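Working notes for the structure below.
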Amino acid sequence: MQAIGLIETRGLTPAVEALDAMCKAANVRLLDFKRVGSGLVTVIVEGDVAAVTAAVEAGGSSYRQTGGQLIATNVIPRPHPDLARMLL
């Protein structure tokens, strides 16, 4: 795994919209969709570092246009294998 990208949002529908923008913007693959609680949803994608970075930027930008509450975004290049196992 070369990189992991995460976007945390409030609400499922905006998270799906962000995921759609991420997958259209770059060659990334959905790893997981976590419902954290209290309406928080985290989308986790993987791919090479440049693609994940572009995807997270596109997903965050798409979500901001909806006027929703974007909680956090993060790109983790070359994640430790234990971290990858924890996220899955």
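Quick note: the coordinates plus some simple rules give every number you see, no bench work behind them. Note that the structure is predicted; figures quoted are calculated from it, not measured. All Cβ positions, glycine included, derive from the backbone under ideal geometry; neighbour counts span all protein chains shown.
So for the chain, averaging the separation of alpha carbon pairs under 8 Å that are six or more residues apart and normalising by length, what relative contact order in percent results?
44
For the chain, would you read off the P(r) tail past 16 Å as a percentage of all alpha carbon pairs?
Cα-Cα pairs of the chain separated by over 16 Å account for 44 percent.
Count the net charge of all other residues whose Cβ sits under 12 Å from the Cβ of residue 42, scoring Lys and Arg as +1 and Asp and Glu as -1.
The answer is +1.
What angle, in degrees between 0 and 90 and rounded to the nearest 10, separates the Cα long axis of helix 12-25 from the longest principal axis of the Cα atoms of the chain?
Helix 12-25 sits at roughly 50 degrees to that axis.
Give the angle, between 0 and 90 degrees and rounded to the nearest 10, that separates the Cα long axis of helix 49-65 from the longest principal axis of the Cα atoms of the chain.
The angle comes out at about 10 degrees.
Between residue 65 and residue 85, what is the spin-label point distance in nm, taking each point 7 Å from the Cα along the Cα→C-beta axis?
Result for the modelled spin labels: 4.1 nm.
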